[in-house]
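Just below is one structure, and these are the notes that go with it.
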Amino acid sequence: AAKQEANQCFKEKKYARAVEHYSKAIERFHAALLLLEEQRGDPQSDDDRDDRGGDHGAANGDGTAESHGNGVNVNAAVYYGNRAFAHIKLEEFGSAISDANRAIEIDPKYVKAYYRRADAHLALGKVKEALVDFRR
């Protein structure tokens, strides 16, 4: 639900609202992961928890979790990547880079995240950094 609302806001060029909704989707994703851990009976200590979700699966837009055998939380990477794009539209390039970095940490094969990061670097005049990402 939050992702769909975010996507609609983005289409309507309401980028600040899109950021809010993508943030809600990310929060729901992490909440679903915690719930899944509790249901499995294998809660981790705060020191051991991978706050990106580790290999515990991905959360659907409706707050439920789905497991991926490869341990990559594809939906979370997309949420962060989409929020990075909204930040770019708002000219919040530092936030865009942070979100793109997070998406890449979650899913190093998520090509759009590299493009988002490169776009933000380019907007900040960091041409060398942008070229590195564009070449990936």
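The values are calculated or read from the model by the stated rules, or taken from the named source; none is laboratory data. Since this is a predicted model, take the numbers as computed values, not measurements. Cβ sites come from the backbone with ideal geometry, for glycine too, and all protein chains shown count toward neighbours. Remember, those area values only see protein heavy atoms, side chains included, never the ligands or the DNA or RNA. Shrake-Rupley method; radii C 1.70, N 1.55, O 1.52, S 1.80 Å.
When E91, E12 are compared by accessible area at a 1.4 angstrom probe, the order from most to least is E91, E12.
Taking θ as phi - 60° and the Karplus parameters 6.51, -1.76 and 1.60, the scalar couplings of region 19-26 work out to 4, 4, 6, 5, 4, 5, 4, 5 Hz in sequence order, x denoting glycine and proline. Note on E129 and K24: the model spin-label points, each 7 Å out from Cα along the C-beta direction, lie 3.1 nm apart.
Cross-link pairs exceeding 22 Å in C-alpha to C-alpha distance, out of K89/K112; K89/K126; K11/K112; K3/K89; K14/K128; K24/K109, comprise K14/K128; K24/K109.
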